[in-house]
Structure formats: C-alpha cells, structure tokens
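Comments concern the structure below.
The values are calculated or read from the model by the stated rules, or taken from the named source; none is laboratory data. Quick caveat: nothing in here was measured; it's all calculated off a predicted structure. Here the Cβ positions follow ideal geometry from the backbone for every residue, glycine too, while neighbour counts run over all protein chains shown. Calculation scope for accessible area: heavy atoms of the full protein, side chains included, ligands and nucleic acids excluded. Shrake-Rupley method; radii C 1.70, N 1.55, O 1.52, S 1.80 Å.
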Amino acid sequence: MKHTTRKWLIFSLLVFWVAAAVYGWFLVHEEDNAKLKSVTIGFQAGDEFDIAKSRGQFAKKMEKKGYKVKFKEFQNGAAMMQALATGNVDYARVGDTPPVSALAAGTKLTYVAAGGTKEKGSGIIVKKNSGINSLKDLKGKRVAYTKGTSSQYMLLRALRKAGLGVDDIKWVNLDQDAAAVAYSKDKVDAWANWDPTVAQVELTENSKLLINGKQTGAVNRSFIVSPTKFAKNHRSLSRLIIKYGEQDMHWANTHHAKVIKMMVKDLKLSKKVVQLAVKRRVFGIYKMNDEYAKEEQKIANTFYQSGILNKQVTISKHVDYLK
C-alpha cells in the first residue's frame, strides 16, 4: 500500500513539474512574442509576397530578427495605396502604375524595392476570330482596361507604337470582373490585361495576345513601396525585407513545379493556366536603381502628357537607393 502511495506521489510530482515547465515556456514565449515588432505587408493574390507567405520561410527569418510579419491581402493596387496613405500597411507590393497615380494625388510614399516583370504575359488580348490581327486594326474598336492600372499604360504604349491616337479607339473602363464578362460576351473587342487572367483567357476563350509588354515597353514590373516617414525610419528593416524576399524569389525561379502547385491552390485556377503564367514570368525582389526609377518615370511622363495626371511627378525624388 505504501509502495502504491509512493508511486502516485512521484507521478503527481512529475505531472506538476511538467505542467510548471510548460507554463513557464508559454510565459517566456509570450514575452518573446510581445517583444517582436509588428510589420504589415500588403499583397495581392499570386504576387511575390503571396508566394513568400505560402512558403513560410520569410516570416520565420523575419521573426528571428525580431519582427512579426502580418500579411494583408488587397484586391487591387488602388485599395492598397489608400491603405498605405492611411498607415494601415508598412509595405505594399504593387504594380507599376498605382504608385505614380498615388504620388500625383499627394500620397507620401517611397519606393524601396523593385520586383520582377510580367512583360511576356501582359498586353492586349483579342479573340482569334475577331479579325483583329494588328494594332492598327484596333482603330474604332472597343477596348476594355482598368483606369489607374498598368493596363491603361500598356494601351497608351500600344497606340503610340501603332501610330494611333487616344481618340482612335473606344476606351471602356471596367474592373476585372466586369471586363471578364464584357469580353466573354463580345461587348468589347479587346482587353488590356496581365497574367494570370491573360493566360486563362488565352486557354479558355479562343484568344491570343495581339501584342505583349515586351514589345510595347510596358514591362509591368512590380514595386515595393512604403509610407515615406516609415521608410526613412526603418531602412534596416527594408534591407531585411529585400534580402529575404530576394531569397524567396530565387527559390521561386528555380522551383517552378512547387510554385505552380502553390498558386493553383491559392488562385483556384487550373494547372495549365498557372503553368503558362509562371513559364513566362520573372520573379524577383531587388534594391532600387536608376533603371527601375526611369521605367516609372516613363509612366509618369506618359500619364501627364496624356492628361491622365494633372501633376508632373519626379520619381527619383521618391526613391530610397538602399546600399
């Protein structure tokens, strides 16, 4: 009886010791988490930070450096720029056009990094049986685009390349969902857009890219921007964002099969569509340089000269060239 009692006493002590150890671990862990500095990163489905989020390594590496990453998804660049202007995100991965429009509207933002391009998967799509076989054939046609996005810039570049003026086509400003319906029902004759939507339309709606971004010079590069005050006070953090982001993008460029599997799940698109989009895309996150700034300046100049913006923007004044 005494032996049984002693066994229960030892067992109870062990349970108490384990419980105390676990409780102590949680206290320390919670204290460690409380010390972590929070950083919020805005992204869109299928972009560089979506890949980093799904892979999981980025957040782990940042945590070791004392930062807890919060990813916040947005449906479009305009919404992300609004969130940035109100301080709801610390960094935003966005396309090449929204930051230009935001700067012209008075938003105080800074370019901290550049991303890869979708130049081979961006452009103007038309139905194969539409009779539109050259840019000049767009004259008088209804072309869907989304105001304030890279599709507007792509269309302007394409018209210039063809020697057409802005009044030579009928501009139809639609959001992505509305444009998809209009294009499918032949309410518009062409659609300026980018992957993965372009890939999906090519494969499912008997369509072709009439011209792509590489041919027009509208490369559709992504950028990482930050509120100017935040960027100025967190340059070391920006370097970490670039360093670990670049590592993820190197992984993405060398592990297409895994990226495709991730994106099929996240985007809920067919494997064939994602394969085509990934095949012609370059993933990357790089420090800003003069060439990337010049690409943005071309957009700013084109929009100002076309009357889209009523204020001239000098991009180089809003760039942090991190060393």
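Candidates in region 208-244 are the residues that are hydroxyl-bearing (Ser, Thr, Tyr) and touching a residue at least 24 places away in the same chain (Cβ under 8 Å); of these, the one that is nearest to GLU296 (Cα to Cα) is SER222. Regarding ASP177, is this residue over 27 Å from the mean Cα position of the chain (by Cα) and either acidic (Asp, Glu) or under 23 Å from VAL39 (Cβ atoms) (or both)? Taking the combined requirement at face value, the residue does not satisfy it.
For first residues located in region 144-167 and over 17 Å from TYR304 (Cβ atoms), partners that are of a type in the set (Val, Ile, Thr) and open to solvent by 20 Å² or more (accessible area, probe 1.4 Å) and lie 6+ apart or on another chain with Cβ distances below 6 Å form the pairs ALA144/VAL172. For region 142-173, the set of residues classified as more than 30 Å from the chain's Cα centre (by Cα) and open to solvent by 50 Å² or more (accessible area, probe 1.4 Å) consists of GLY163, ASP167, listed by residue number. Looking only at residues of region 202-214 that are closer than 25 Å to ASP168 by Cα and at pLDDT 95 or above, we find that the one that is most open to solvent (accessible area, probe 1.4 Å) is LYS208.
Please tell me if PHE58 is touching a residue at least 12 places away in the same chain (Cβ under 8 Å), open to solvent by 20 Å² or more (accessible area, probe 1.4 Å) and of a type in the set (Phe, Trp, Tyr).
Values: touching a residue at least 12 places away in the same chain (Cβ under 8 Å): yes; open to solvent by 20 Å² or more (accessible area, probe 1.4 Å): no; of a type in the set (Phe, Trp, Tyr): yes.
Judged against the criteria, PHE58 is not a match.
Here the helices (runs of 4 or more DSSP H) wholly within region 54-146 that include at least 2 residues being on the phi < 0 side of the Ramachandran plot, touching a Pro at 6+ places or on another chain (Cβ under 9 Å) and modelled with pLDDT under 95 are 77-85. Only a single criterion out of (1) open to solvent by less than 50 Å² (accessible area, probe 1.4 Å); (2) in contact (Cβ under 8 Å) with a residue 60 or more places away in the chain is not satisfied by TYR183, namely (2). Just wondering, is there one or more residues in region 113-126 that are more than 17 Å from the chain's Cα centre (by Cα), acidic (Asp, Glu) and within 19 Å of ALA45 (Cα to Cα)? Scanning region 113-126 turns up no residue that is more than 17 Å from the chain's Cα centre (by Cα), acidic (Asp, Glu) and within 19 Å of ALA45 (Cα to Cα).
Scanning region 186-201 for residues that are crowded, with 23+ Cβ neighbours inside 10 Å and either part of a strand (DSSP E or B) or on the phi > 0 side of the Ramachandran plot (or both) yields a total of 5. For region 77-86, the condition holds for at least one residue, the condition being that it is farther than 29 Å from VAL274 by Cβ and in contact (Cβ under 8 Å) with a residue 12 or more places away in the chain.
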